[in-house]
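The structure appears below as structure tokens.
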Amino acid sequence: MTASTVTRRRVLKMAGSALAVPMILPGRLLQAAPSETVRVGIIGLGGRSRSIVNESREVKGWKIAAVCDCFQPRVDAFINQLGKDAGWNGYECFRTMIEKEKLDGVMVQTTTHARAWITVLAMQAGMDVYIEKPMALSIAEGRYLVEAARRYQRVTQVGTQQRSIPINNWASDLVKKGALGKCLTVLAPNFVGPDRWTSTESKPLPKGGSENWWDVWTNQAEFRPYHPQLHHGWSRWYDYDGGGLCFGVTGWGTHSYDQINRALGTDDTGPSEILLEEPVEVKPTGKYAADQVPEDDTGLAYHGLAKPVVGPRAKMSMTFASGTQLKLHLDGDRGPGLGAIFTCEKGKIEINRNKLASNPKEIILSPDNPGPNPRPETEAHIQNWVDCIKSRARCNADVEIGQRATTLCYLVNIVRQVGRVGEPIRWDPAAERFTNCDEANKLLSRARRKGYELPALT
């Protein structure tokens, strides 16, 4: 069978629509070069997908062609509210959508626990992929996605949109290129980890879904009776995320840690040591009265979101091979909840989303500072993905970059779970293994439910 006779539709038909491993050919044989307009499907139609649609109206060179969610009423509501005049087709099964719509790429905006499984099947079906953050539920799962993207030569963008905000990149480069001297310490938030679901209470399934939609939604996780707090509040629970709340380890934490990697130049590595400084306790994220927060605080717009969050947290620190120490100490109602404070030999700079502060102030008053970005915060990030689908270049937040930011999140959760206060836990960022804690190594991956195993990368 030659390349000229193989089409994505034919391969999908040969593979079937069951959970079997698809028949895959190497490279880009399954994906024709995109036309002038990149056709995209959205998978997972929650709140983040709504934001994506609203913030991408000025993106050039693409078209949302179809949308998909395993719960049909959500598909109908999404199209009625946002795509009634756009001619979108709606699907319950993402593989059916890919097969029928002749797409160039998909945006995987699903729950975190379903994200890797859907992403790799989309890659194997020829799709370039925009992967919402955190891109995986474990460190091992994230590494698997990097290997899949490289094997199938897919263009990937992870949803850490600060990578495409000019002012953030300008400030990051000051630190990365040594304009402020060596970076000595980084001060970042002490984010909230996930809670554990222990209830056995069952609630009636909402009407309108297919017979097995709750099984499909549950994906790799332990199958539990339906409960709306799981369905709609999934980001809070360990089975489905790593702390996906607004001030959570994998929620805002992925953005903050990615910002740190960007500035430290650690996009392809990680810390060498992690220290839990105190016992984990369930406590609120905030402690300041509103009038105690300065008006020029870079996180002022976000403090109201973070302050009500309560959950398990503990101060920690990480040390990089360069000697730079990362201190995870900040609360949620002061400072850069989506960034960090970098103390360098020649000054201090605070990098938050689309806002900076510095000491001395002259650092950020440089005439080459591009200033705040007036565009919707995700628009440029999607534009970068669309442009890279056409050029085949790597995106601003390529899957390897996403893996390293996500890994920092799970290092926090794993070391907290092991609970060895005051004992340095050593990490090998090349092997992605702990070198002095077998208990922690057992938490690098998770058991998957039968029928939702990750397919072999053939």
Do any trypsin sites (Lys or Arg not before Pro) in the range 108-177 lie in a DSSP loop with no more than 10 other beta carbon atoms within 10 Å, and if so, which? Lys177
For the range 144-239, what's the relative contact order in percent, using C-alpha pairs closer than 8 Å and at least 6 residues apart? 25
Once every DSSP H run of n ≥ 4 in the chain is given -39500 (n - 2.57) and the sum is divided by its residues, what mean residue ellipticity at 222 nm do you get, rounded to the nearest 500 deg cm²/dmol? -8500 deg cm²/dmol
If I compute solvent accessible area with a 1.4 Å probe over the protein chains, what percent of it on the range 325-458 is carbon and sulfur? 50
Projecting each Cα onto the charge dipole of the range 319-458 (Lys/Arg +1, Asp/Glu -1 at the beta carbon, about the Cα centre), which of Gly371, Cys344, Val412 comes out farthest on the positive side? Val412
Size of the dipole of the range 207-352 about the Cα centre, Lys and Arg at +1 and Asp and Glu at -1 on the beta carbon, nothing else charged, in debye to 20? 220
With every protein chain left in place and a probe of 1.4 Å, what is the accessible surface of Thr269, to the nearest 10 Å²? 40
Assuming R0 = 30 Å, can you tell me the calculated FRET efficiency for the pair Glu201 and Lys283, based on Cβ-Cβ distance, to the nearest 0.05? 0.70
Return the whole-Å distance between the Cα centroid of the range 66-94 and the Cα centroid of the range 284-315. 36
Using Cα pairs under 8 angstrom and six or more residues apart, how large is the relative contact order of the range 256-399, in percent? 21
Between [x] 20.7, 64; [y] 23.7, 69; [z] 21.8, 71, the structure-derived Rg and Dmax of the Cα atoms in Å is [z]
Taking every other residue with Cβ under 15 Å from the Cβ of Leu300 and scoring Lys and Arg +1, Asp and Glu -1, one gets -3
Can you give the relative contact order of the chain as a percent, counting alpha carbon pairs under 8 Å and 6+ residues apart? 21
Equivalent ellipsoid semi-axes, the range 236-392, via Cα gyration tensor eigenvalues times 5, rooted, Å: 25, 21, 19
Around Pro228, with a cut-off of 15 angstrom between Cβ atoms, what is the net charge of the other residues, counting Lys and Arg +1 and Asp and Glu -1? +4
Counting sequence-distant residues (5 or more places) and residues on other chains, those with an amide H built under 5 Å from that of Ile42 are Ala66, Val67, Cys68, Met107
For the range 195-280 the trypsin sites (Lys or Arg not before Pro) that pass both the DSSP coil test and the at-most-10 other-Cβ-within-10 Å test are Arg196, Lys207
What's the longest uninterrupted piece of the chain once you rule out the GluC sites (Glu not before Pro) that are loop residues per DSSP with at most 11 other Cβ within 10 Å? 59-200
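The values are calculated or read from the model by the stated rules, or taken from the named source; none is laboratory data. Only a predicted model underlies this, so the values are computations on that prediction, with no experimental measurement involved. Please note: Cβ atoms are built from the backbone with ideal geometry, for glycine as well, and neighbour counts cover all protein chains shown. The protein model used for the area step is the full one, side chains on, heavy atoms only, and it has no ligands, DNA or RNA in it. Shrake-Rupley method; radii C 1.70, N 1.55, O 1.52, S 1.80 Å.
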